[in-house]
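One structure is given below, encoded as structure tokens.
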Amino acid sequence: MDDKELYSIGDAARRTGLSVSAIRFYSDAAVVAPTRLTAAGARLYDVRAIARLEVVRTLRDLGTGLDDIRRLLDGETSLRDLFAMHLELVERQERGLRARRAVLRTLVKQGGTVAQAALMHKLVSMSDEERERLIDDFWNEVGEDLDVSPGFVDRLRTIRPRLPDDPTAAQLEAWIELADLVRDEEFRGAVRSYLLETYSTPQGRLVTATPVQDFVHTTGTRIMEEIIAAYRSGLTADSPRAREVSVRLAHATAELAGKRATAEFLNHLATQFLLVEEIERAELRKETDAESRFDSTHGRYLSLVAVINGSPAGEGGEGPVPFGWIAAALRASASEATS
């Protein structure tokens, strides 16, 4: 193209891929003015004007507004800043579409009404503060005067959903279900009833006592991870490593009970682990009422929170605890200590 040559509006349209009417519109909107007008009023465009029209076409294809294009062509903003601003807009629209998709999917599954649609849209549009208040309200009602070990409800309420800034459709759907559940009085009552019946018993109080919970979630967790890793590596229960990590678990358990990890204590703990293993086997052979209640109450809350937080239940765990293997390692250590 000749820098000095002028082209008719039809030529400009063919070179830019724009329609003649679109070029006229951009001229009338003071976005790209013609280089010159003929005596008859026909619009003529030079190479520079055609290049500007090509920029306009590209930006319009990306959804950029005329005011932003005009500012760019007038030198009031840079192309990089314009793209960054537009990217932010597109990402915001994408999040909105994702939220709508989650709402629509849920409504299709449930055969929802217009009122439910409005509620679900409100749930996915909540601010972080609103979500926190909703979960606080849930635990305040569930935990009020709950006859369990002090501090246990406070520990439970720390397990809460953290919806990310850019959630997936699955996370949004999980949040819609959870938010709907925790607002439901029947679900709140069911969770409260389950926690009360499970943890107000003598055994439940022992398990939920603060020292036990601190051990389970700190020292006990770390030691158990080492035990499972040793078991998975194929080590036999009487290997030095197996005995070392199992005895460390025994020492931590004995300290928690205010006792010493003697050979007698090791054998007693081994017996307890074998008992737990037998109980677990029995539980696998039948689904108990407690299990089904857990799955529909507190267990459902936990599984939905896991999905929302990006760690779906059943994924990324360390696997089942090898109670029988630990018991054998403890007995091997006890035997060595008395020999």
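Please determine whether any residue of the range 283-290 is modelled with pLDDT under 70 and among the polar types (S, T, N, Q). Among the residues of the range 283-290, at least one is modelled with pLDDT under 70 and among the polar types (S, T, N, Q), which makes the answer yes. Criterion applied to THR58, THR38 was being more than 26 Å from GLU91 (Cα to Cα) and not aliphatic (A, V, I, L, M), and the one residue passing it is THR38. Checking the stated criteria, THR236 turns out not to satisfy the condition of being touching a Gly at 6+ places or on another chain (Cβ under 7 Å) and of a type in the set (Ser, Thr, Tyr).
Once the range 230-244 is narrowed to residues that are open to solvent by 80 Å² or more (accessible area, probe 1.4 Å) and not in a loop (DSSP other than H, G, I, E, B), the residue that is nearest to ALA327 (Cα to Cα) is TYR231. Residues that are open to solvent by less than 70 Å² (accessible area, probe 1.4 Å), over 23 Å from SER296 (Cα atoms), modelled with pLDDT under 90 and in contact with a helix residue (DSSP H, G or I) (Cβ under 8 Å, 6 or more places away or on another chain) do occur in the range 150-165. Scanning the range 34-92 for residues that are modelled with pLDDT under 85, under 20 Å from THR16 (Cβ atoms), of a type in the set (Ser, Thr, Tyr) and open to solvent by 30 Å² or more (accessible area, probe 1.4 Å) turns up just one, THR58.
Which one of these is modelled with pLDDT of 85 or more, of a type outside the set (A, V, I, L, M, F, W, C) and surrounded by fewer than 14 Cβ atoms within 10 Å (Cβ to Cβ): ASP136, ASP180? Steps first, please.
Working: ASP180 fails: surrounded by fewer than 14 Cβ atoms within 10 Å (Cβ to Cβ).
Of the residues listed, the single one that is modelled with pLDDT of 85 or more, of a type outside the set (A, V, I, L, M, F, W, C) and surrounded by fewer than 14 Cβ atoms within 10 Å (Cβ to Cβ) is ASP136.
Residues in the range 220-229 that are surrounded by 13 or more Cβ atoms within 10 Å (Cβ to Cβ) and either more than 11 Å from ALA329 (Cα to Cα) or of a type in the set (D, E, K, R) (or both): GLY220, ILE223, MET224, GLU226, ILE228, ALA229. When the range 256-279 is limited to residues that are assigned to a helix (DSSP H, G or I), at pLDDT 85 or above and not hydrophobic (A, V, I, L, M, F, W, C), the one that is farthest from ALA328 (Cα to Cα) turns out to be GLU264.
The values are calculated or read from the model by the stated rules, or taken from the named source; none is laboratory data. Keep in mind the model is a prediction, meaning the values are calculated, not measured. Positions of Cβ are generated from backbone atoms using ideal geometry, with glycine treated the same way; all protein chains shown enter the neighbour counts. Just the protein is used for accessible areas: all its heavy atoms, side chains included, with ligands, DNA and RNA removed. Shrake-Rupley method; radii C 1.70, N 1.55, O 1.52, S 1.80 Å.
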